[in-house]
Amino acid sequence: MSPAELARGFLRYLFDTWRLRRVYAEVAEFNLHQFGRATSLFGVEGRRREYVWLGGRFWDRVILGLSRERFEHERFRVGRAISGKVGAPSDRPAAGRARPAPPTVGDVRAYVESAAAEAHHA
């Protein structure tokens with residue numbers, strides 16, 4: 001499984017299981033290239049000017065954000081979604097119900113692998 005598939009699966013897990021409205025990432029300016037295509041999906045929402053000192057100079061810390069709506073729109077538009085039944089509306093916790101226990105790394109990996117397997121067989 002590629003890092004991009006893992007990232008998409010993790011984002012889907014966050015939005016579907018935790019019902020988050022937005023996910024944020026803070027990245028040092030010199031590492032933005034490591035986000036690749038994700039920088040076009042995540043919007044730049046802010047900057048901490050000259051926040052990091054490295055290599056004899058100051059670098060900005062870039063704050064990126066991705067809304068649930070943008071993620072849903074983009075994952076279907078570009079056809080790169082990891083499909084699966086987990087996280088369907090009936091599987092989401094109803095308002096006022098207790099949230100599930102925080103996921104472990106194993107939980108997220110199992111979720112992503114099962115979704116990828118279903119997408120592969122679809």
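Starting from residues that are more than 19 Å from the chain's Cα centre (by Cα) and among the basic types (Lys, Arg), keep the ones in the range 26-60 and report whichever is farthest from residue 7 (Cα to Cα).
It comes out as 57.
Would a scan of the range 17-24 turn up a residue that is closer than 20 Å to residue 110 by Cβ and part of a helix (DSSP H, G or I)?
yes
A short reminder: the numbers here are calculations on the coordinates, not readings from a lab. Only a predicted model underlies this, so the values are computations on that prediction, with no experimental measurement involved. In this analysis, Cβ positions are derived from the backbone assuming ideal geometry, glycine residues included, and neighbour counts consider all displayed protein chains.
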